[in-house]
Structure formats: C-alpha cells, structure tokens
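Enquirer: I'd like to ask some things about the structure below.
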Amino acid sequence: MTSTSSQMAFPPRKRRPSAGSFVTPNISDNHLIQSLLILTQDISSLEPIRFLLRNNFSSIVRKVNLLTFLFEDLVKNPSAWYSPSAILCFRELYILLQRIKTMIEDCSSGSKMWLLLQNVTIANTIQELTVEMFTLLDIFPVKEMNINEDVYELVGLIKKQCGQTNATVDPMDLSLKIDVLNMLEMIREEIIPDQSKLSEIFIRLNLTDSSSCREEMENLEEEVQIQTNQKSKSIVVSLIGFVRYTKCVLYGESTPPPPQRNSFRRRRSMVEDNIPTDFRCPISLDLMTDPVVVCTGQTYDRESITAWIQAGHATCPKSGQNLAHSKLIPNTALKNLISMWCRQQRIPLEKDKSNDVVVMEATRMTVLFLVNKLTENSNSFETANNIIHELRNLAKSDSDSRSCIVDAGALPLFVKFLRSDHPDAEVNSVTAILNLSILEENREKIMKTDGILDGVVYLLRNGATWEAKGNAAATLFSLSSVHSHRKRLGRKKGLISGLLELARLAPGSTKKDALAAILSLAGEKEALGKLVQNGIMEVTSEMIEKGLPEEAVMILETMIRRGGAAVVGAAFIMIRKLATLIRNGTDRSRESAAATLVNICRIGGPEMVVELASVPGIERMVWEMMGMMTGRGRRKAASLLRILRKRKVGVEGDLNIMLHPSLVAMAAVR
C-alpha cells in the first residue's frame with residue numbers, strides 16, 4: 001500500500017519561542033565571548049535523536065562545536081576582537097545559537113512519531129539555520145582580528161561547510177515515514193496491521209517496551225496542545241491511538257502501580273488527578289468547560305445539566321431540591337479561573353471534537369484486543385489484572401473508549417475480580433466500572449450485567465482498601481443518578497448499611513463519596529425507610545459535629561422533603577443541632593438548616609415548634625440570618641420567624657400586625 005499523504009507538509013512545532021521572539025541578550029561586551037563559549041559548549045554536549053535526521057543534527061552540531069575553538073581563543077585574547085562590527089556579529093550569532101539549541105532540545109525531548117512525520121520541515125529548518133550561520137561568518141571581520149592562524153583557517157572551513165550544506169532527508173527516514181502513514185491508512189480502512197511490520201517500525205523508532213510507548217503517548221498528548229493547525233492536531237490524535245494499539249499488541253498491558261492503601265483521593269481522581277474538585281462537574285465528574293449555575297445555586301457543566309433536564313429530571317442532581325425553573329446562568333468567574341488553571345497546566349479548555357476515523361478505529365481495535373486477551377487469560381491473575389488496569393486507563397480517556405469497552409463485552413469479565421480479595425484487582429475492576437459509568441448509556445448496561453451490582457456492594461462492605469470502598473460508593477452514586485435505578489439500589493441487601501458504615505468510619509474523600517450516594521438515594525421513598533432504620537439521623541448528627549455540616553444538612557433536607565411525617569419524627573433529635581447551625585454554620589449550611597426546620601415544623605406540628613422555640617435566643621439568631629442572607633436563605637429565615645411568631649400570638653392576623661409588611665410578603669414566598 002502506498003500512501004499519497006507521505007509528502008504532506010506539517011507546520012513547525014511551537015513548544016518553544018519562535019525564531020522571531022529571541023532578542024539580543026542583555027550581556028555586557030566584556031562577557032559576550034564567554035557567554036558564546038558556554039552556549040557552543042552546551043550545544044556540542046546535546047544528544048539529539050540518533051536514528052531520525054541524524055545526519056542533519058550531526059552536521060549542525062559539528063559546525064557549532066568547531067566554533068568553540070574560535071571563542072576559546074578569543075577568551076584568552078579579549079583585545080583581538082573588540083570592535084563595533086565584531087560585537088554586532090557576535091550578538092547576532094548568540095541569537096542564532098539560541099535558536100539552534102532550542103530546536104535540538106525540542107526535537108530530542110518531543111514525540112518521535114511527530115518528528116518523523118515532519119522530518120522534511122525539520123531538515124529545511126536546519127538548512128535555514130546553517131545558511132544564516134554562513135551569512136554571519138561571511139560578514140564576520142575575521143581579518144581585523146589578531147587571532148591564531150589555525151583558528152583563522154578554521155573559521156574559513158566552517159564558512160565553506162555552511163555554504164555547501166543542503167536540506168536532505170535520509171532515505172531510510174522517508175521510508176519509515178511512509179510505513180507509518182500506511183499503517184494509519186490501514187487502520188482507517190479497518191485492516192488489522194501486520195504485527196511483524198508494527199514491530200519493525202517501533203524498533204526503528206526505539207519504542208521497544210511499554211514504558212517508552214507510554215512516554216511517546218505523553219509527548220504526543222503534549223503535541224496536541226502545541227499545535228494550532230486543526231489538521232495537524234487531528235493527525236497527532238491519530239498517532240496517539242496508533243501507539244496505544246501497538247503498545248498493547250507488541251508489549252502487552254501496563255503493569256499497574258502498587259496499591260495506595262493510605263491515599264484518600266477524591267472521587268474520580270483517576271480521571272485527571274490534578275483537577276481541583278471545584279472545577280469538576282458534579283454530574284460527569286470531568287473538567288467543566290462551560291460552568292453554569294441552576295436556580296438552587298449549584299454549578300454544573302452546561303452540557304451535562306442540559307442533558308439532565310432534557311431527560312425529564314425536575315430536581316437538582318447534587319442537592320435534590322426541586323428546580324423552580326430551568327434557566328442556566330453562566331458562572332463567568334469560575335470559567336475564568338478554570339481557563340487560567342488550564343493555561344498553567346497546558347490543558348485545553350475546549351474538548352476535542354475531532355471525529356477522526358483513525359482514532360475511533362484504533363480505539364476499537366485496542367479494546368477488542370484487550371478484551372479477547374482478558375477472556376483468554378482470565379485464570380492468570382497477574383496478566384488479567386494488568387489488562388483490567390489498561391482498560392481502566394482507557395475508560396477514563398473519553399466517551400468513545402467507554403462505549404467501545406462495554407460494547408466489546410468487558411463488563412461480565414470484571415465480575416470475579418470484584419471479589420478477588422486482592423487489593424490491586426479490587427481497585428482496578430471497580431474503578432474501571434466507575435469510569436465506564438460516566439457515560440450515561442452505560443449505566444443501564446452495568447445494572448443489567450449479572451454479578452456487577454453484587455460485587456460493587458461486596459467491595460463497599462469488604463474492600464481491602466479505602467480506595468476500593470470509596471470507588472464502590474462513587475459507582476453507586478453514579479448509577480443512582482438514573483431515577484429508575486434508585487428503587488433497585490435501595491432494595492439491595494447491605495447497600496444502605498454499607499454506605500452508612502462508610503460515612504461513619506471512612507476518612508476524608510471516601511466519607512464524602514458515601515454521603516453523595518446517600519444523598520442521591522434519599523430521594524427514593526423506599527430507601528428513606530432503610531436509611532432511618534439503619535441510623536441516618538445519628539450519622540448526620542456526627543457529621544455536623546465532625547466538620548461536614550453542609551453534606552449532613554443537605555441529606556436531612558432532602559429526606560424530610562421527600563419522606564414527610566415518616567421522617568420528621570426521627571428528625572426530632574436534630575432540631576437543636578440545626579438551630580445551632582443557623583448561628584454558627586456556613587451560608588449554605590444555614591440556608592439548608594433553615595429550610596429543614598421550616599419543613600420539620602410544618603409537617604411535625606406544634607410539638608416540633610415548641611422544641612424549636614425552646615432553643616435559647618432562636619428568634620434573635622433567625623433575625624440575624626435575615627439581615628445577612630440573600631435570596632432563598634433570607635426567604636426561609638422569614639418563613640421560620642413567621643412560624644415562631646405564630647406560636648406566640650396564635651393567629652395569623654396578629655402576626656401581620658407585629659411584622660413589617662415587607663417581611664410578611666417575604667415570608668409568604670416559598
């Protein structure tokens with residue numbers, strides 16, 4: 001197969017400053033020659049890639065190395081060169097050498113695949129730099145200098161060599177480039193490449209093991225961010241898929257790192273560990289690209305919350321509160337912060353919308369290869385665990401990979417590893433399922449796969465590490481985002497008690513994973529009864545005391561609003577703690593506490609109102625809250641104050657006399 005795209009021209013790389021961005025160095029004339037000597041020595045010591053463009057790199061490095069002798073001689077004899085014309089040439093030469101050094105460092109540390117595909121462009125760049133060196137040496141006032149005769153002849157030799165250099169590419173490099181482009185074309189046409197040919201290509205590129213392939217993929221991912229040309233970016237993305245597939249075929253699955261038994265990472269840290277929690281969408285758990293605020297005050301990515309609302313949901317996914325309207329308000333401040341963070345981390349804010357066929361087909365082929373290998377090696381624990389780790393990593397990359405993995409039949413293969421009692425296998429299998437559940441269409445398939453739900457609940461209660469337990473809870477939270485799943489999850493034996501136990505005993509983020517799942521299930525009436533029976537009130541009481549008041553009160557508010565009188569009786573013991581939050585809590589916890597107390601009093605009747613009124617200074621606390629809060633919090637405080645005053649005066653009319661008309665109107669707003 002011959003590729004017509006083998007002569008494609010690729011834009012130059014832009015990792016480092018462009019040639020025009022270099023400026024004359026702020027170096028005194030006395031130190032200029034010393035700086036040039038150091039720079040030429042640095043370039044001479046660089047080790048560029050020896051199996052790509054080796055003749056081109058060696059040629060220019062050799063010429064720079066010869067210049068070292070000139071500057072060594074001038075350092076010893078500073079009076080020999082001190083003239084305005086010489087200084088001007090030396091400063092221009094310094095800038096040229098900076099550009100040469102930058103180019104070599106970029107090519108040496110970047111992607112080998114991308115360097116191969118742009119070898120003609122790089123060869124032309126080297127030729128241009130050589131011509132510039134020839135021009136500077138041609139106007140160099142060497143005859144005016146009192147330098148060693150041998151050095152004088154050496155300058156002439158360098159100049160002659162620069163004038164004779166041509167932009168050439170090794171025929172073997174061109175042949176290798178055509179081979180790679182042909183492989184991409186085969187994948188595009190859904191033809192499985194020959195393994196021996198893949199091996200030959202990767203050996204010639206010195207990609208000879210999983211580690212070097214992973215490094216190559218990382219370099220390609222960086223290259224995606226560097227490229228501004230969409231066509232070039234698409235080619236680089238295709239190369240990532242090609243390298244990923246070949247790595248699996250030639251060198252097998254990755255070896256997972258040792259289990260991190262004491263690492264209490266936040267939910268979905270496996271996606272991109274660096275992303276701050278506030279930058280993640282609570283629905284997709286991915287980096288938000290267009291954050292918007294719903295009427296409850298929660299922030300989501302526009303794409304995720306829009307899909308949630310269009311699916312017929314009328315509640316806030318995170319708080320469980322009813323959505324009074326579906327208007328979305330852009331969170332401009334947060335988007336600016338995310339944009340700033342992305343620039344610092346060199347992460348693109350906009351998602352890549354490329355539909356490159358090569359990427360899709362390479363992903364599909366990689367997944368099929370891994371799933372088939374897992375089927376064949378399911379009894380070899382170490383091999384199977386490494387394959388699952390590879391699938392786990394694939395599942396965190398994008399929606400196409402998540403869809404391919406499930407369609408390839410991987411879900412049933414994970415089941416037995418959920419009960420392996422081996423820390424690595426537990427974490428890899430449940431995390432793979434969690435990553436897959438991010439795609440909404442996968443959640444139904446996960447729920448229908450025999451043994452998966454049982455295995456996740458087993459890990460929730462019996463996992464060897466907090467990481468496994470926390471990811472099991474996060475998986476249940478993800479599955480419960482589908483309303484029809486909540487009833488089945490609430491009925492699952494051991495699930496509710498397991499979540500409550502995790503909420504009591506787990507550290508940090510694992511505890512929050514459990515609370516998030518509890519909050520989601522609290523919207524289903526059958527689950528409410530089990531939560532109360534298993535001690536949810538005691539758990540939320542502990543959470544208020546132990547520094548998680550917002551999560552605790554949010555759960556209480558949801559339960560009372562959905563469960564009515566059946567839950568209010570159990571919530572009697574929480575009245576005083578909720579009142580304390582109105583005085584000492586954060587704005588969000590105060591708002592939720594006021595809303596919860598309003599519902600307790602309305603549903604529970606006089607007994608609840610009497611208990612609340614007995615709290616010392618409660619009216620003053622509510623008045624202060626009204627003066628400090630805005631929006632929903634202020635309205636709930638007004639409603640609570642109205643309830644307390646009604647108890648005192650006994651009639652609605654007297655209440656209207658005692659309260660300012662604007663307060664009465666505010667209290668009437670729900």
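Enquirer: By average Cβ neighbour count within 10 Å, what is the ranking of 523-536, 473-486, 423-436, 135-148 from highest down? Walk me through the intermediate numbers first.
Expert: Numbers: 523-536: 19.0, 473-486: 22.7, 423-436: 27.2, 135-148: 15.1.
Ranking the peptides 523-536, 473-486, 423-436, 135-148 by packing returns 423-436, 473-486, 523-536, 135-148.
Enquirer: Dividing the Cα radius of gyration by the Kirkwood radius, what Rg/Rh value follows for segment 152-232? Walk me through the numbers on the way to the answer.
Expert: Values: Rg = 18.8 Å, Rh = 16.2 Å.
Result for segment 152-232 is an Rg/Rh of 1.16.
Enquirer: Using r as the Cβ-Cβ distance of residue 45 and residue 380, and R0 as 45 Å, what FRET efficiency do you calculate, to the nearest 0.05? Before the final figure, lay out the partial values.
Expert: Values: r = 47 Å, r/R0 = 1.04.
Rounded to the nearest 0.05, the efficiency is 0.45.
Enquirer: To continue, here is another question. Using 0.36 nm times the number of residues separating residue 108 and residue 215, minus their current alpha carbon distance, what extension gain do you get?
Expert: Values: separation 107, 0.36 × 107 = 38.52 nm, distance 1.28 nm.
Extending this stretch completely gives an extra 37.2 nm.
Enquirer: DSSP loop trypsin sites (Lys or Arg not before Pro) in segment 33-103 with at most 16 other Cβ atoms within 10 Å of their Cβ, which ones?
Expert: On the way: sites: 50, 54, 62, 63, 76, 91, 99, 101; in loops: 50.
Within segment 33-103, the qualifying trypsin sites (Lys or Arg not before Pro) (loop, at most 16 other Cβ atoms within 10 Å) are 50.
Enquirer: Can you tell me the orientation of helix 29-45 relative to the chain, as the angle in degrees between its alpha-carbon axis and the longest Cα principal axis, to the nearest 10?
Expert: Roughly 80 degrees between the two axes.
Enquirer: Given the peptides 289-302, 33-46, arrange them by the average over their residues of other C-beta atoms within 10 Å, most packed first. Intermediate results must be reported in sequence, preceding the final value.
Expert: On the way: 289-302: 19.2, 33-46: 17.6.
My ranking of the peptides, most packed first, is 289-302, 33-46.
Enquirer: Mind listing the Cα extents of segment 332-442 along all three principal axes, in Å, largest one first?
Expert: For segment 332-442, the Cα extents along the three principal axes come out at 51, 33, 24 Å.
Enquirer: Also: Taking the Cα centre of each part, how many Å lie between segment 272-338 and segment 174-212?
Expert: 42 Å
Enquirer: For segment 435-506, report the translational diffusion coefficient in µm²/s to the nearest whole number, using Stokes-Einstein at 4 °C, 1.567 mPa s, and a Kirkwood Rh over Cα pairs. Provide the component values of the computation, followed by the final result.
Expert: Values: Rh = 12.2 Å.
Result for D is 106 µm²/s.
Enquirer: Sticking with this one: How long are the semi-axes of the equivalent ellipsoid of segment 356-395, taking √(5λ) for every eigenvalue λ of the Cα gyration tensor, in whole Å from largest down? Intermediate results must be reported in sequence, preceding the final value.
Expert: Details: eigenvalues 98, 21, 4 Å².
After scaling each eigenvalue by five and taking roots: 22, 10, 5 Å.
Enquirer: Okay, next question. For the chain, take the longest principal axis of its alpha carbons; what is the angle in degrees between that and the long axis of helix 357-376, to the nearest 10 within 0 to 90?
Expert: Taking Cα atoms only, the helix is inclined about 70 degrees.
Enquirer: Would you tally the net charge around residue 456, using a Cβ to Cβ cut-off of less than 12 Å, leaving residue 456 out, and scoring K and R as +1, D and E as -1? All intermediate terms of the calculation are to be shown ahead of the outcome.
Expert: Numbers: positive: 419, 461, 469, 492; negative: 426, 454.
Summing Lys and Arg as +1 and Asp and Glu as -1 gives +2.
Enquirer: Express the relative contact order of the chain as a whole percentage, based on alpha carbon pairs under 8 Å and six or more residues apart in sequence. Please report the intermediate quantities before stating the final value.
Expert: Details: 870 pairs, mean separation 55.3, N = 670.
Reported as a whole number, the value is 8 percent.
Enquirer: For residue 422 and residue 345 in one chain, what is 0.36 nm times their gap in residues minus the Cα-Cα distance, to one decimal in nm? Walk me through the numbers before you get to the answer.
Expert: Numbers: separation 77, 0.36 × 77 = 27.72 nm, distance 3.49 nm.
Once the chain is fully extended between residue 422 and residue 345, it gains 24.2 nm.
Enquirer: A follow-up question, please. Work out, step by step, the length gained on full extension between residue 203 and residue 314: first 0.36 nm times the residue separation, then minus their alpha carbon distance; give nm to one decimal. Present the calculation step by step, with values, prior to reporting the outcome.
Expert: On the way: separation 111, 0.36 × 111 = 39.96 nm, distance 5.67 nm.
Contour length minus the Cα-Cα distance gives 34.3 nm.
Enquirer: Determine, from the Cβ-Cβ distance of residue 584 and residue 541 and an R0 of 25 Å, the FRET efficiency 1/(1 + (r/R0)^6), rounded to the nearest 0.05. Write down the numbers at each step before the final one.
Expert: Details: r = 15 Å, r/R0 = 0.61.
Approximately 0.95, to the nearest 0.05.
Enquirer: Highest mean first, what order results for 210-222, 497-509 on Cβ atoms within 10 Å?
Expert: Working: 210-222: 17.7, 497-509: 19.4.
Top to bottom by mean Cβ count within 10 Å: 497-509, 210-222.
Enquirer: Beyond 19 Å, what percent of the Cα pairs of segment 42-171 remain?
Expert: On the way: 4159 of 8385 pairs.
Of all Cα-Cα pairs in segment 42-171, 50 percent lie more than 19 Å apart.
Enquirer: Let me ask you something else. Viscosity 1.567 mPa s, temperature 4 °C: what is the translational diffusion coefficient of segment 521-585 from Stokes-Einstein with a Kirkwood Rh over Cα pairs, rounded to a whole number of µm²/s?
Expert: On the way: Rh = 11.7 Å.
Translational D for this selection: 110 µm²/s.
Enquirer: What list of whole percents do you get for P(r) of the chain, with Cα-Cα distances grouped in 20 Å bins up to the one holding the largest distance?
Expert: Histogram of Cα-Cα distances, whole percents per bin: 16, 36, 26, 17, 5, 0.
Enquirer: Continuing with this model, one more query. Restricting things to Cα coordinates, could you compute the convex hull volume per residue of segment 471-601 in Å³? Spell out each step's value before the answer.
Expert: Numbers: hull volume 12.1 nm³, N = 131.
About 92 Å³ per residue, rounded to a whole number.
Enquirer: At a Förster radius of 45 Å, what calculated FRET efficiency corresponds to the Cβ-Cβ distance of residue 225 and residue 164, to the nearest 0.05?
Expert: Values: r = 39 Å, r/R0 = 0.86.
Here the calculated transfer efficiency is 0.70.
Enquirer: Return the calculated 222 nm mean residue ellipticity for the chain, to the nearest 500 deg cm²/dmol, obtained by summing -39500 (n - 2.57) across DSSP H runs with n ≥ 4 and dividing by the residue count. If you can, show how the numbers build up before the last one.
Expert: Working: 34 runs with 449 residues, N = 670.
Value at 222 nm, helices only: -21500 deg cm²/dmol.
Enquirer: Could you go through segment 380-395 in sequence order and give the Karplus-derived ³J(HN,Hα) for each residue, using 6.51 cos²θ - 1.76 cosθ + 1.60 with θ = phi - 60°, rounded to whole Hz, and x for Gly and Pro?
Expert: Running phi through 6.51 cos²θ - 1.76 cosθ + 1.60 with θ = phi - 60° gives 9, 4, 4, 5, 4, 5, 5, 5, 4, 4, 5, 5, 4, 5, 5, 5 Hz.
Enquirer: How tilted is helix 210-226 with respect to the longest principal axis of the chain? Cα atoms for both, answer in degrees (0 to 90, nearest 10).
Expert: Once rounded, one gets 90 degrees.
Enquirer: Can you list the GluC sites (Glu not before Pro) in segment 156-197 that are in a DSSP coil and have 14 or fewer other beta carbons within 10 angstrom? Spell out each step's value before the answer.
Expert: Working: sites: 185, 189, 190; in loops: 189, 190.
Here the sparse-neighbourhood loop sites are 189, 190.
Enquirer: Viscosity 0.692 mPa s, temperature 37 °C: what is the translational diffusion coefficient of segment 277-345 from Stokes-Einstein with a Kirkwood Rh over Cα pairs, rounded to a whole number of µm²/s?
Expert: Details: Rh = 12.2 Å.
Reported coefficient: 269 µm²/s.
Enquirer: Then there is this: Simple spin-label model, 7 Å along Cα-to-Cβ: residue 573 to residue 62 in nm?
Expert: A separation of 8.6 nm, rounded to one decimal place.
Only the coordinates and a few stated rules stand behind these numbers; no lab work does. What you see is a predicted model; the values in this text were computed from it and never measured. Don't worry about glycine lacking a Cβ; one is built from the backbone with ideal geometry, like all the others, and counts go over all protein chains shown.
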